[in-house]
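Here the structure is laid out as C-alpha cells; the discussion comes afterwards.
The values are calculated or read from the model by the stated rules, or taken from the named source; none is laboratory data. As the structure is a prediction and not an experimental result, all values here were calculated from the model. Here Cβ is always computed from backbone atoms with ideal geometry, including for glycine, and neighbour counts include all displayed protein chains.
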Amino acid sequence: MLVGGDNMEGMKVCSNCGVEKGLDEFGNQKQGKFGKNSMCKICKKEYSHLEYIRNKETYERYREENKDKIKLNSKEYRSKNKDMLSERRSIIYTENPEKFRKKSIEYARKHPEKKKEWLKNNPDYMKKYHEENRDWLLEQGAKHRKNNPEEKKEWGIKNRAHVKSYNEDYKKDKGKELSLYGKNYTEDNRNKLTDVYIKGLLHVSLNISSMDITPGLIIAKRAQLKLRRAINSVC
Ligand SMILES: [Zn+2]
C-alpha cells in the first residue's frame with residue numbers, strides 16, 4: 001500500500017529531492033515515519049550546512065556564551081563513552097595509520113605542553129620507543145651533529161660545567177669498574193689485533209689522522225705485528 005509516496009518495502013521518498021530511497025539512506029528520527037527523517041541523508045546534510053551558514057552568528061554566539069558548559073558536556077561525553085571512542089580511534093588507525101600519525105604529530109606540535117604531560121605520564125613509552133628505534137635514532141643524531149657542527153660546539157660550551165660534573169660523579173661511582181673495564185678492553189683489543197687497536201698504534205707512530213689510515217695500511221701493520229709476535233715467542 002502506498003502512503004503518501006512511501007511504500008511498505010523498506011523504501012521512502014525524500015521530502016526534499018523527491019527520490020525514493022532505501023530506509024538506510026535516511027537518518028534516524030524517533031518521531032518520523034518509520035522512525036526516520038523525512039529528508040534523505042544527503043539532503044539532510046546539505047540542509048544542515050545551509051542552516052548553519054544562515055544562523056552562523058547565532059550558533060557562534062551561543063558557543064561563545066556557553067563555552068564552559070559545552071566543554072564540560074564534551075568532557076562528560078568523552079568519559080562516558082571512553083571505550084567506544086577508543087575503539088573508534090583504533091579502527092580509524094588501522095584503516096589509515098599514515099593519516100592518523102600525521103594528525104597526532106600535528107596535534108603534538110600545536111600543544112607541546114600536552115605532549116610533555118603525556119610523556120610524563122607514560123614513561124615506558126619513550127623507553128620502548130628508544131629501544132625499538134635505537135639504530136635509527138643514533139643514525140639521525142649523528143647525521144644531525146654532522147650537519148650542524150656549530151650547534152654541537154655551542155652545546156658543549158654551554159654545558160661544559162654540567163658535563164664535567166656528570167663525568168666526575170660517574171667516575172666517583174664507577175671509577176674502579178671503569179678502569180678495570182678500560183684495561184680489559186685495551187688488552188682484548190691488543191690480543192685480537194683489532195682495527196681499533198692497530199689504528200691507535202698507527203695514529204701514534206706515524207702521527208697521522210685516523211681518517212688517513214687506509215684498510216690496506218691496517219692489514220699491513222697487522223701482518224707485521226703478527227710476525228713480530230711470532231718471532232718474539234720463539235726467541
Ligand atoms: Zn533527498
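Here are the numbers for the structure shown:
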{"read-out": "The range 35-50, residues that are within 15 Å of the ligand (Cβ to nearest atom) and assigned to a helix (DSSP H, G or I)", "value": "LYS41, ILE42, CYS43, LYS44, LYS45, GLU46, TYR47, SER48, HIS49, LEU50"}
{"read-out": "Any chance THR94 is modelled with pLDDT of 90 or more, of a type in the set (Val, Ile, Thr) and more than 16 Å from the ligand (Cβ to nearest atom)", "value": "no"}
{"read-out": "Test: residue in the range 18-28 that is surrounded by 11 or more Cβ atoms within 10 Å (Cβ to Cβ), among the acidic types (Asp, Glu) and more than 16 Å from the ligand (Cβ to nearest atom)", "value": "no"}
{"read-out": "Filter pass, LYS176 being of a type in the set (Lys, Arg), loosely packed, with under 12 Cβ neighbours inside 10 Å and not in a loop (DSSP other than H, G, I, E, B)", "value": "yes"}
{"read-out": "Residue within the range 65-72 that is outside the structural domain of GLY18 (by TED's automatic domain parsing) and in contact with a helix residue (DSSP H, G or I) (Cβ under 6 Å, 6 or more places away or on another chain) present", "value": "no"}
{"read-out": "Residue list for the range 117-126, restricted to those being within 19 Å of LEU137 (Cβ to Cβ) and in a helix (DSSP H, G or I)", "value": "LEU119, PRO123, ASP124, TYR125, MET126"}
{"read-out": "Pairs with Cβ under 9 Å, 6+ apart, first in the range 4-21 and modelled with pLDDT under 90, second more than 9 Å from the ligand (Cβ to nearest atom) and in a loop (DSSP other than H, G, I, E, B)", "value": "ASN7/MET1; MET8/MET1; MET8/LEU2"}
